[in-house]
Structures are given as structure tokens and as C-alpha cells.
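A short worksheet on the structure shown next.
The values are calculated or read from the model by the stated rules, or taken from the named source; none is laboratory data. Predicted model, so just to flag it, every value in this text is computed and none were measured. Backbone-built Cβ (ideal geometry, glycine too); neighbour counts: all protein chains shown.
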Amino acid sequence: MNSSAPRRKGASHKKPETSWDYQIGFKSNWLDNHLHFNATFYVNDFYNFQTNVVDGDSRDQDGTPLGLTTLGNAEHARIRGTELDGRWSPIERLWITFNAAFSDARWASWPDAGAPSDWAWSSGSVAAPKSLSLSNMRPRAGRP
């Protein structure tokens, strides 16, 4: 590694990502083994989730935002969902299979997320935001 090479802003060492996974489910057979049904429910919590971060401070010589991305950490991300599958045999030698899945992925906490690059503009009376809060929380009185 060349330690004298110039480093881009935000390109420093990032925190390691940690994941906690919780899962519960069941497998079942019904109707003399003619109906099989399985279900699972899961929650994954990611702390210091490594993701692309938009650098809203970088601008070209005309002052236009560049929207450069670097690797950074989001404080807390959560994925939760359910998966269902099964098969049914209404008559001999015929199996009808089915499955379904639902996943809900959210930023649980990322208070200083960079604004998306399509939010960058340099004209008009309203300035483009440099960061957003993707914490899924409403501001409270006395709190920014």
C-alpha cells in the first residue's frame, strides 16, 4: 500500500459491518402427507452497514455539485420478512407447488446520509441539501 498516495475525502478506513440475524419457522405435513407447508420469519439487523455514500460537498470549478460516491457506513439497517412454501397433491402423481416471500428493507438509523445525486442543483433560490436523515424518525421538539 502506498501511504503517500493522495486520498479522496471520505476514503478513509471504514468501521467493520456487524450483522445480527433472527429466524423462526416451521415445517409441517398434513392430510396423510398430501399437503406440505413451511414458513419462516426473519429479521436481520446490520450495524455499520457498508454502502455507497454520496459526497455532497464536492464541486467542479463552476460550483456544480459532482455527487461523488465513496464507501461509508450507515449506522443501522434492518431487513425483515417472511417466506412461505408448500406443495399439495389433490390426486395421485400430481403435485401443485406454491411459494411466496415478502421482504421489508429499511434504514433504521442513518442521520447524516448524503443527498442523492439527482437532488444536486446549483441554480434557483433554494439550495440543494448536503445531507438527509434516513433514520425513519420524525423530528421531535428540541431535536434537529
statement: Just one listed residue, out of L66, L84, is touching a Ser or Thr at 6+ places or on another chain (Cβ under 6 Å), surrounded by fewer than 16 Cβ atoms within 10 Å (Cβ to Cβ), at pLDDT 65 or above and not basic (K, R), and it is L66
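This table checks each residue for (1) of a type in the set (D, E); (2) in contact with a strand residue (DSSP E or B) (Cβ under 6 Å, 6 or more places away or on another chain); (3) modelled with pLDDT under 90; (4) not in a strand (DSSP E or B).
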residue	(1), (2), (3), (4)
H13	no, no, yes, yes
D21	yes, yes, no, no
N29	no, yes, no, no
A39	no, yes, no, no
Y42	no, yes, no, no
N48	no, yes, no, no
N73	no, yes, yes, no
A77	no, yes, no, no
task: Working only within segment 46-63, note down all residues that are touching a Ser or Thr at 6+ places or on another chain (Cβ under 6 Å) and over 30 Å from K15 (Cα atoms).
output: G63
